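Below is one structure, written out as structure tokens; comments come after it.
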Amino acid sequence: MTSVGAARAAAFDPGAEAARVTEAILRDTKVGAHRGVVVDSPPGAGKSTLVVRAALELADAGRPLMVVAQTNAQVDDLVLRLHEKRPDLPVGRLHSSDADAYDKALEGLDNVLLSDKAAALAGLPVVISTAAKWGHVKPSDAHWEQAIVDEAYQMRSDALLTVAGLFDRALFVGDPGQLDPFSVVGAEQWAGLSYDPSASAVSTLLAHNPGLPQHRLPVSWRLPASAAPLVSAAFYPYTPFRAGTGHDDRRLSFAVPSDGSGPDRVIDEAAHSGWGLLELPHRLTPRTDPEAVRAVATVVRRLLDRGGAAVSERSDVPVPLTADRVAVGTAHRDQAAAVRAALAELGVRDVVVDTANRLQGREYDVTVVLHPLSGRPDATAFHLETGRLCVLASRHRHACIVVCRAGVADLLDDHPSTEPVQLGVTVKFPDGWEANHAVLSHLAEHRVPWRP
Amino acid sequence: MSLITTLARLEAIRAGRAQPAATVRHRHLAERPLVVVPLTTAGEAGAPLGALVGCDRDAPRLLVVPQPRDRDLRSAFLAELADVVLPYVESFADDVELVEGKEADPETGRQVKVERELCADAPQLIVPSRAGVEFLRLLGRSTRFRRTADQDPETAYPAPPRVPLLGRWLTHFGERARVPGSSLLLAMTDLLSRHWATGQSSLEDQHLGALLAWIDPPVEEGLTGAEAALRAELGRDPEGQLLCPPAGPATDPAFDNRLLAPAIERYDRARSALAAAEDGVAADALLAHLSEAEREIGELVRSRTLPTWENVWRGLDLLRALPEASRVPDRWTGDRWSFTAHRDRVASGEPPQPRIDDAVTAAQKLARREREQAKLDAQEALDDPLVLAARRLTGEAFVGEVVEVAMTYTETKRPSPRPLVTVRTEDRPHLGEKAKVFRSLEGKPQTARFVAAEEEDGGAGGAGEVSAEGPLLVVLRIVDRMGRGKEPALGSVPEKGDRLCFTLFEHEPRGGPKLPDPENTPWTHGGPPSDPAPLPAADPVTEEDLL
């Protein structure tokens with residue numbers, strides 16, 4: 001780092017900057033003249049913390065609040081966080097009538113009320129549920145002055161349409177860089193309409209209410225200093241953010257030295273630099289490429305075997321790198337299943353293996369990623385989607401190891417984006433092609449070739 | 001593309017002919033479909049050149065627009081098309097059955113029984129390719145708002161009487177075609193590629209001639225599917241014209257330039273000569289020239305549409321040879337409801353479908369189509385072992401034999417049966433903890449919950465942790481459809497030795513949340529739509545506007 005850069009870094013106080021933005025958001029939400037406030041949050045920028053804090057302040061201000069999240073897991077997590085912060089605050093958890101509709105950990109908590117009827121929870125300071133469940137509540141039966149919509153960029157416009165009649169004002173929070181909502185049938189017919197039902201809730205909201213205040217959380221507390229600049233430049237080129245920690249704040253070390261194999265060398269590279277690319281020889285493979293899957297499993301096994309310890313601002317002493325602090329990310333569900341099977345063969349349990357869609361919003365110390373384009377003969381829109389790579393590359397606090405076959409850069413060059421341009425649709429920057437190239441060229445500096 | 005489709009395509013290449021992608025027919029085929037083979041004018045979106053239409057394979061009706069840029073001739077074409085399509089469509093309108101349904105009483109709000117009319121059968125339009133569907137949709141869009149002299153005596157260019165109605169029906173067919181599994185308007189290429197896997201890409205499969213060449217290669221000529229498909233795509237006669245004209249509506253440029261353009265020019269000349277005729281005798285001779293020129297264009301259009309017409313009927317023959325899948329009539333009933341509903345809208349004098357959907361309608365349509373897609377995927381798999389095989393390979397379904405049934409009961413005041421069923425399967429389903437699985441019981445889905453799985457030769461495993469190749473013992477707990485009593489209803493619990501198929505996907509996807517009424521569209525979506533929706537200003541007319 002140059003001295004000028006160092007000086008600027010010193011002048012930038014991430015905590016103060018984040019606090020300033022948070023204050024502005026809360027001010028607009030509580031006393032602003034607008035019906036809606038939009039908050040863009042890059043990965044790990046404290047979105048959940050913001051939601052919890054806003055919920056508590058609104059509850060304190062005596063404004064009955066409904067919170068809309070997208071999945072049951074997110075709802076349960078929010079309820080637990082609220083309860084942890086303020087055990088005396090009555091919180092309603094509206095759930096579906098299915099068995100296992102909610103986390104059993106919520107049962108028996110004081111001041112947490114569970115019901116599958118909105119009417120039974122009416123009058124509580126905070127009621128939380130999924131968009132799908134809120135959609136079944138009739139506006140004539142219940143109404144809230146204020147709402148918080150979490151993960152609003154992953155919510156589809158038509159889902160917002162079913163719930164928006166329930167509230168007067170709302171705070172919309174989400175990450176624009178993650179996976180866009182999708183539809184299993186074609187929706188081109190409505191492309192370009194301001195209320196395209198397959199678009200994200202935020203794009204519809206802003207198209208109809210262009211004057212709404214928009215805020216951006218400026219600091220990622222999750223991503224290490226090695227990752228934030230790359231993720232920011234590759235996926236958020238016009239709305240940059242920074243890491244909340246410096247290069248020296250986080251360290252990953254291993255008690256067992258490297259045995260010189262590819263997996264061990266890539267682990268050392270990633271521990272040292274934050275990134276590692278384990279490159280397998282070029283080959284066209286089925287989706288569940290057995291060699292790549294085994295390589296992923298081997299890397300995970302070695303990560304756990306080598307007695308890793310993570311040093312971070314969260315703790316004064318090194319924290320052991322255990323299975324629950326490691327995750328594997330894939331593009332497809334069958335790939336995830338294949339990795340799970342390979343891990344089971346190696347005797348590894350309790351390591352989360354999931355697709356990008358399901359890893360959204362989660363956080364680990366180290367992630368191992370099977371590159372979405374590895375071994376493919378073509379680059380489809382699905383595999384090129386910016387959000388997919390962004391999710392996979394931004395779940396980690398310390399290091400990210402990518403397993404990939406060689407030749408992806410050529411594959412990208414052979415498949416420029418050819419999606420038709422739809423009139424009236426805001427073009428998203430960067431496109432997946434460009435983002436993939438940006439990430440690849442960075443990973444190339446941390447490449448460990450390996451022939452299994 | 002699923003692994004099994006890839007395999008079928010590879011096998012097609014090796015065998016030199018298409019391989020079955022289905023063992024039964026997954027779409028309804030009407031006894032008397034109306035086949036439409038439209039052609040359009042190059043460079044003029046929505047300017048039809050002609051069409052071959054009809055329900056009788058041996059007697060298609062040829063419609064031609066000798067000068068596609070002439071609005072009057074285009075109107076005449078549309079009027080003729082309406083004369084063919086509307087009587088066909090309307091012939092299904094009066095034969096109805098009465099179906100009992102429930103609807104909310106407008107006064108009390110209570111659900112009351114009502115009898116509703118449902119047309120006993122519905123019309124079916126078949127076009128050669130997906131572009132044909134798009135073209136009919138475009139014709140519908142351009143005609144449904146036209147005004148006839150009756151509706152508006154002041155209108156500058158009155159439409160022939162039945163043309164706006166044609167537009168409304170074509171729009172309805174076009175919209176319905178977007179619903180997965182619907183059969184009111186079908187493209188032959190889609191139908192064929194659903195049921196056969198060829199050795200070419202799915203893009204190439206959109207060429208009807210090439211697709212048929214793979215499915216039914218001319219073995220008597222000693223050609224393989226690949227060779228015949230190549231000939232269909234590229235083969236030209238000594239004059240440079242394609243042996244197999246494209247299925248349209250776009251035409252081959254060589255045809256446009258060398259044959260069509262000169263013929264239209266001759267027609268134009270004959271027409272201006274006739275307009276300039278000075279006396280009756282001269283006019284008679286010039287009129288003969290004009291009809292000759294018109295006949296010539298008609299023959300050209302016929303020569304480009306007739307091979308496609310034949311191909312569409314050949315495709316219908318091939319498809320009719322497949323037995324109909326058992327859940328097809330159920331989906332066709334949906335098409336009949338759709339037809340009946342639009343018949344009622346037309347009869348009650350409702351205005352044509354709006355130019356663009358409002359927010360609520362768009363969301364409703366999308367939700368409906370997603371539901372229909374899920375239903376279609378499930379039904380096709382349940383109807384067809386070959387489709388099911390693809391789902392088994394991806395771990396979304398498994399087939400196995402029941403090896404043990406143990407009764408258990410809920411620990412409630414009135415115990416209900418919860419039998420534990422052990423299924424031995426060679427498949428590798430992706431069963432998560434407490435995952436729901438479904439089987440078809442008398443056409444209705446029965447739900448079970450995944451309890452545990454282990455390999456038959458020892459080695460227990462939880463969810464998704466079983467890796468070896470051997471048979472798997474899956475324990476499931478049946479949770480519904482066993483009647484109200486303590487003992488399960490007869491035949492509702494699997495028995496030892498039964499061979500069953502369980503799916504991880506639902507058979508009848510649930511409906512989503514109710515959407516607000518359009519007049520209650522919330523502020524996030526722009527509030528209630530203004531009535532009528534403001535029309536964007538028309539583009540100014542410039543010198544380049546020839547139409």
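One residue is enough: does segment B:341-351 have a residue meeting the conditions surrounded by 20 or more Cβ atoms within 10 Å (Cβ to Cβ) and either within 14 Å of another protein chain (Cβ to nearest Cβ) or touching a Pro at 6+ places or on another chain (Cβ under 8 Å) (or both)? Within segment B:341-351, not a single residue is surrounded by 20 or more Cβ atoms within 10 Å (Cβ to Cβ) and either within 14 Å of another protein chain (Cβ to nearest Cβ) or touching a Pro at 6+ places or on another chain (Cβ under 8 Å) (or both). In a strand (DSSP E or B) and under 23 Å from the mean Cα position of the chain (by Cα): does that describe residue B:51? The answer is yes for residue B:51. Has segment A:106-120 got at least one residue that is under 28 Å from the mean Cα position of the chain (by Cα) and exposed (fewer than 12 other Cβ atoms within 10 Å of the Cβ)? Yes - at least one qualifying residue is present in segment A:106-120.
Only one of B:86, B:63, B:29 is touching a strand residue (DSSP E or B) at 6+ places or on another chain (Cβ under 9 Å) and outside any loop (DSSP other than H, G, I, E, B). Can you tell me which? The match here is B:63. With the structure loaded, tell me whether residue A:42 is away from chain B (no Cβ under 14 Å), within 23 Å of residue A:398 (Cβ to Cβ) and in contact with a Ser or Thr (Cβ under 7 Å, 6 or more places away or on another chain) or whether it fails that test. The answer is yes for residue A:42. Tallying residues that are in a helix (DSSP H, G or I), more than 13 Å from chain A (Cβ to nearest Cβ) and either buried (at least 19 other Cβ atoms within 10 Å of the Cβ) or in contact with a Pro (Cβ under 7 Å, 6 or more places away or on another chain) (or both) within segment B:352-385 yields 5.
For segment B:251-264, the count of residues that are under 30 Å from residue B:198 (Cα atoms), loosely packed, with under 12 Cβ neighbours inside 10 Å and not aliphatic (A, V, I, L, M) is at least one.
Residue A:229 fulfils the conditions (1) in a helix (DSSP H, G or I); (2) touching a residue at least 24 places away in the same chain (Cβ under 8 Å); (3) touching a Lys or Arg at 6+ places or on another chain (Cβ under 9 Å); (4) more than 10 Å from every other protein chain (Cβ to nearest Cβ) except for a single criterion, (2). Across segment B:103-123, which residue is nearest to residue B:90 (Cα to Cα) among those that are assigned to a loop (DSSP other than H, G, I, E, B) and touching a strand residue (DSSP E or B) at 6+ places or on another chain (Cβ under 6 Å)? That would be B:120. Counting residues in segment B:317-325 that are closer than 30 Å to residue B:98 by Cβ and surrounded by 17 or more Cβ atoms within 10 Å (Cβ to Cβ) gives one or more.
Of the residues in segment B:131-143, none is in the same structural domain as residue B:322 (by TED's automatic domain parsing), in a loop (DSSP other than H, G, I, E, B) and either more than 30 Å from residue B:310 (Cα to Cα) or out of contact with any strand residue (DSSP E or B) (no Cβ under 6 Å at 6 or more places or on another chain) (or both). For segment B:77-102, residues that are loosely packed, with under 15 Cβ neighbours inside 10 Å and among the hydrophobic types (A, V, I, L, M, F, W, C) total 2. If only residues of segment A:316-352 that are part of a strand (DSSP E or B) and farther than 27 Å from residue A:181 by Cα are counted, the one that is farthest from the other protein chains (Cβ to nearest Cβ) is A:316.
Could you go through segment A:294-314 and let me know if any residue there is closer than 16 Å to residue A:222 by Cβ, part of a strand (DSSP E or B), more than 14 Å from every other protein chain (Cβ to nearest Cβ) and out of contact with any strand residue (DSSP E or B) (no Cβ under 8 Å at 6 or more places or on another chain). No.
With the condition kept exactly as written, say whether any residue in segment A:387-396 is charged (D, E, K, R) and buried (at least 21 other Cβ atoms within 10 Å of the Cβ). Within segment A:387-396, one or more residues are charged (D, E, K, R) and buried (at least 21 other Cβ atoms within 10 Å of the Cβ).
Applying the condition of being farther than 19 Å from residue B:296 by Cβ and of a type in the set (A, V, I, L, M, F, W, C) to segment B:231-258 and asking which residue is modelled with the lowest pLDDT yields B:247.
Note on segment B:386-410: residues that are part of a helix (DSSP H, G or I) and closer than 20 Å to residue B:476 by Cβ total 3.
So, in segment A:193-219, exactly how many residues are closer than 28 Å to residue B:375 by Cα and either away from chain B (no Cβ under 11 Å) or surrounded by fewer than 18 Cβ atoms within 10 Å (Cβ to Cβ) (or both)? Residues in segment A:193-219 being closer than 28 Å to residue B:375 by Cα and either away from chain B (no Cβ under 11 Å) or surrounded by fewer than 18 Cβ atoms within 10 Å (Cβ to Cβ) (or both): 1 in total. Of all residues in segment A:425-439, those being at pLDDT below 80 and not aliphatic (A, V, I, L, M) number 4. Of the helices (runs of 4 or more DSSP H) entirely within segment A:353-452, those holding at least 3 residues that are out of contact with any helix residue (DSSP H, G or I) (no Cβ under 9 Å at 6 or more places or on another chain) occupy A:408-414. For segment B:487-531, the set of residues classified as touching a Lys or Arg at 6+ places or on another chain (Cβ under 7 Å) and under 27 Å from residue A:145 (Cβ atoms) consists of B:523 only. None of A:310, A:323, A:341 is more than 25 Å from residue A:73 (Cα to Cα) and either crowded, with 17+ Cβ neighbours inside 10 Å or modelled with pLDDT of 90 or more (or both) except A:310. Residue-level check: of (1) within 24 Å of residue A:181 (Cα to Cα); (2) buried (at least 21 other Cβ atoms within 10 Å of the Cβ), residue A:292 misses just (1). Among the residues of segment A:76-91, not one is in a helix (DSSP H, G or I) and under 17 Å from residue A:142 (Cβ atoms). Residues that are outside any loop (DSSP other than H, G, I, E, B) and surrounded by 22 or more Cβ atoms within 10 Å (Cβ to Cβ) within segment B:172-185 comprise B:172, B:173, B:174, B:185, listed in sequence order.
I'd like to check something: does segment A:167-186 contain any residue that is part of a loop (DSSP other than H, G, I, E, B), closer than 22 Å to residue A:95 by Cβ, more than 8 Å from every other protein chain (Cβ to nearest Cβ) and small (Gly, Ala, Ser)? No: zero hits. Pairing residues of segment B:371-387 that are among the basic types (Lys, Arg) with residues that are assigned to a helix (DSSP H, G or I), at Cβ distances under 9 Å and at least 6 apart in sequence or on separate chains, gives B:375/B:331.
Of all residues being more than 11 Å from chain B (Cβ to nearest Cβ) and crowded, with 24+ Cβ neighbours inside 10 Å in segment A:131-150, which is nearest to residue A:103 (Cα to Cα)? Just the residue, please. Step by step, filter segment A:131-150, then rank; the result is A:150.
The values are calculated or read from the model by the stated rules, or taken from the named source; none is laboratory data. Predicted, not measured: the structure shown is a model, and the values here were computed from it. Here the Cβ is made from the backbone with ideal geometry for all residues, glycine too, and neighbour counts use every protein chain on show.
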